[in-house]
Amino acid sequence: MKTLMATAGAMLLIVLCGCQQKMKEGELYDLPAGLGRGLPYPVLQWEAITTEVDRSEGTMATLFGDEAAVKAARSGAAYPAGAVLGLVTWREREDPHWFGARIPGRPVSVEFVVVGRGVDERFVGAPWREAPGSGAAQMEAMRATVIP
């Protein structure tokens, strides 16, 4: 009986010591990759159009668009004048739950283009500060990812 009690007590101690506080949903992925405040458009509330990964730089980027841009991208049409595109680039980091997987880490830059209006705004750092824009042509050339 003493052995049984000792074994049960040891198992309970191991279970209690092995438990760790669970992260709330979203903390693992959303907080490190969040953009915070200070940007002119709510880019993370828009729909994604396409993504790209630059292994040599260790970054990943997602092109987001407002409703007009997404509609054009999905139909294969050119982006209409006034549509807004936002390219968010993150530093990659290891996913602690999937061996070998990479997920967005700290944001590196956010660039906005208002098609046909010559607006090309780029933001870097934390807090965000405006930097020279450079990717309007590249962003307007990106097309929607097609998933069969």
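Where a number appears in this text, it was derived from the coordinates with a stated rule and is not lab data. In this text the structure is predicted, and so the values were computed from the model without any measurement. Backbone-built Cβ (ideal geometry, glycine too); neighbour counts: all protein chains shown.
Considering (1) surrounded by fewer than 19 Cβ atoms within 10 Å (Cβ to Cβ); (2) assigned to a strand (DSSP E or B); (3) touching a residue at least 60 places away in the same chain (Cβ under 8 Å), say which one residue 130 fails and leave the rest.
Only one criterion is unmet by residue 130, namely (3).
Pick from the stretch 109-127 the residues that are over 19 Å from residue 78 (Cα atoms) and out of contact with any strand residue (DSSP E or B) (no Cβ under 6 Å at 6 or more places or on another chain): which of them is surrounded by the fewest Cβ atoms within 10 Å (Cβ to Cβ)?
Among those residues, the one meeting the criterion is 127.
In the stretch 25-108, which strands (runs of 3 or more DSSP E) lie fully inside it and hold 1 or more residues that are surrounded by fewer than 17 Cβ atoms within 10 Å (Cβ to Cβ)?
47-54, 84-94
If you check residue 69 against the conditions, is it touching a residue at least 40 places away in the same chain (Cβ under 8 Å), over 17 Å from the mean Cα position of the chain (by Cα) and on the phi < 0 side of the Ramachandran plot? Explain how you work it out, then say what you get.
Values: touching a residue at least 40 places away in the same chain (Cβ under 8 Å): yes; over 17 Å from the mean Cα position of the chain (by Cα): yes; on the phi < 0 side of the Ramachandran plot: yes.
Spelling it out, residue 69 is indeed touching a residue at least 40 places away in the same chain (Cβ under 8 Å), over 17 Å from the mean Cα position of the chain (by Cα) and on the phi < 0 side of the Ramachandran plot.
Exactly one condition in (1) free of Cβ contacts under 8 Å to residues at least 60 places away in the same chain; (2) among the hydroxyl-bearing types (Ser, Thr, Tyr); (3) over 15 Å from residue 141 (Cα atoms) is not met by residue 41; state its number.
Result: residue 41 fails condition (1) only.
Filter the stretch 115-131 for residues that are more than 21 Å from residue 52 (Cβ to Cβ) and more than 20 Å from the chain's Cα centre (by Cα) and give the result.
Passing the criteria: 116, 117, 118, 119.
For residue 81, work out the one condition from (1) closer than 21 Å to residue 137 by Cβ; (2) in contact with a helix residue (DSSP H, G or I) (Cβ under 8 Å, 6 or more places away or on another chain); (3) aliphatic (A, V, I, L, M) it doesn't fulfil.
All conditions are met except number (2).
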